[in-house]
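Below is one structure, written out as structure tokens, with a few remarks after it.
The values are calculated or read from the model by the stated rules, or taken from the named source; none is laboratory data. Model, not experiment: these values are computed from the prediction. Here the Cβ positions follow ideal geometry from the backbone for every residue, glycine too, while neighbour counts run over all protein chains shown. Side chains are part of the model used for accessible areas, which takes the heavy atoms of the whole protein and leaves out ligands, DNA and RNA. Shrake-Rupley method; radii C 1.70, N 1.55, O 1.52, S 1.80 Å.
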Amino acid sequence: MAKKIINEPSRTLMEYRLLPGYTTDETSIDQISLETTLAWTPEGEQKFKLNIPVVSAAMQSVSGVEMGIELARLGGLAFIFCSQTIENEAAMIRDIKSYKAGFVDPFYVHPDMLIGDVFEISKSKGFNTFPVVDVNHKLLGILTKNDYSGTHHAQLKVSERMIPRDQLVVGVNISDIKEANKLLRESHQSVLPIVNEDDRLKNLVFRKDIRNHMNYPMELLDDRKRLLTGAAVNTHDYKERVPALEEAGADILTVDSSDGFSVYQKRTLEWITAHYPHLPVIGGNIITGKGFRFLVDCGARAVKVGMGGGSICITQEQKGTGRGLASAIIDVVNERNRYFEETGKYIPVVADGGIVDSKDITIALALGADYVMMGRYFARMEESPTEKIQLNNRIMKPYWGEGSARAREWKSVRYYQMKFVEGVEGFVQYAGKLRDNLPETLSKIKASMSSCGVTNIREFHENAELEIVSALSIREGKVHDIYMPNDSSDYKSDKY
Ligand code: IMP
């Protein structure tokens, strides 16, 4: 006889619907904030936050450098996959961290250099604006593309063609892009040099980058104005991988495991917490309150919930383990709330696996999740690291699970004991650019929250009222009994 048998079926997100609350001027869509806590830190909840409640899954076919940059610019965060060499993963983190949102690390030249040499540098680097500094790195002037000709001025010195320092508008110790924008707007320059109090050059801000930056008001930045990024680690090589990722600049880690309730996860979390206490780490995946308590006691600063629900996941079929995501969230959130009452520490809960569209995200948040992790949703985007292909008259992108044979090829020795796979390989329909898709998803979430009469995710947790729906009422909620000659599917979730 089993130790425990629960005879209530476990529930999926799609079995729940929200009952509307009272909408007021204060809860109109433009008043709603989707900001949420990314991980508990001793410094407080504001230290690590997301501007939107979505992160991309640590998967080869989902989260590379482009996704990391674009998702952080839109307010979320990507977790770079760990099913690759440590060097490759660290290089991806470095690429994301060195992407400067508006502030460019300058490539400078000296006043005695010949224009001909600068021209050669410009050809090889692909840019043509150069700040000019002395040996102490003090700003002497700037050379823009309008100031020199590679052929006519080749034998002249930089100092003869540069715009000298005293004719330039220069920002002193500016780190706020809006302030830089104000100065640039009043100047006639296309670029603003930023110096420190000793007039030493720090950065450049280009007018064109500012225009671009203003399209990303939710950008998720660290204290040094770099984009935030996450990185996955496994329970095998963490003693080598974590130091490399930390050095590369990863802001948060997640332990990549289909079953986090294990001694392997305990060892990994405890080691990271002991050696890198400033680096928050997400534990997971678990599906019970007991699993949550275990991970938090091991040092997890956020907990990922979900097993068997992922679109590419065959864990339930292969091993018989798993749980409907809604039931898992409810169980874990209850334990999280108890833990908060006992300790005052609010540990964010991340819903992961099988979240298809805005409706699923909304239900997961209403049930108490703080943000969601998605694979399939992001795999469809231009920024996922796969090539588009034409298949059956559709543009598709490949998508495969981290437990599939394809993902495991990178280091077969690691899985030599595994006799079976836990994930499959398939295709998803190409959806276009992230910034053309995500805003619509987010506005649907805001519309639901507005209907429920709440202005932020915490209020949503406290005030949401949900009901289980029958299969018939789900059917009733879809289009029925009408003929649609052009069955445009923009109101539906994607099937592929
Ligand atoms: P999706 O958003 O439904 O596509 O699910 C993505 C999630 O599935 C990931 O964040 C992982 O938790 C999980 N996952 C990724 N690869 C596999 C796999 O091969 N087998 C089972 N689960 C997987």
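With 0.36 nm allotted per residue and the present C-alpha distance subtracted, the ILE482-ALA405 stretch has 23.3 nm of extension available. Globularity index of the range 28-179 is 1.45 (Cα radius of gyration / 2.2 N^0.38 Å, N = number of residues). Extension gain, GLU179 to SER159, is 4.3 nm, computed as 0.36 nm per intervening residue step minus the present C-alpha separation. Computed extension gain for THR151 through SER473, at 0.36 nm per residue and net of the alpha carbon distance, reaches 108.5 nm.
The listed residues ASP237, ASP112, once ranked by accessible area (1.4 Å probe) with the largest placed first, stand as ASP112, ASP237. Quick one: work out the % antiparallel among DSSP beta bridges in the range 1-143, nearest 5. The antiparallel fraction comes to roughly 65 percent. Please quote Rg/Rh for the range 282-323 to two decimal places, taking the Kirkwood radius as Rh and restricting both calculations to Cα atoms. With Rh from the inverse mean 1/r over Cα pairs, Rg/Rh is 1.04.
Taking the DSSP beta bridges with both ends in the range 144-242, the antiparallel portion is around 75 percent. In the chain, what percentage of the DSSP-assigned beta bridges are antiparallel, given to the nearest 5? About 55 percent, rounded to the nearest 5. With a Förster radius of 30 Å applied to the beta-carbon distance between ASN334 and GLU270, the computed FRET efficiency rounds to 0.75.
Per the Cα gyration tensor, the range 91-176 maps to an equivalent ellipsoid with semi-axes of 24, 18, 11 Å, ordered largest to smallest. Applying a DSSP loop filter and a limit of 13 other Cβ atoms within 10 Å to the GluC sites (Glu not before Pro) in the range 26-89 leaves GLU43. Cα centroid separation, the range 1-55 to the range 187-201: 44 Å. Annotation for ASP297 and ASN212: the two label points, set 7 Å from Cα along the Cα-Cβ direction, are 5.0 nm apart. Place a point 7 Å from the Cα of GLU425 along the Cα-to-Cβ direction; which residues of the range 300-321 have their backbone N under 19 Å from it? Only 311-315 pass the distance filter. Placing dummy labels 7 Å off each Cα toward the beta-carbon, the span from SER443 to VAL135 is 6.0 nm.
Taking Lys and Arg as +1 and Asp and Glu as -1, the other residues whose beta-carbon sits under 15 Å from that of THR27 total -4.
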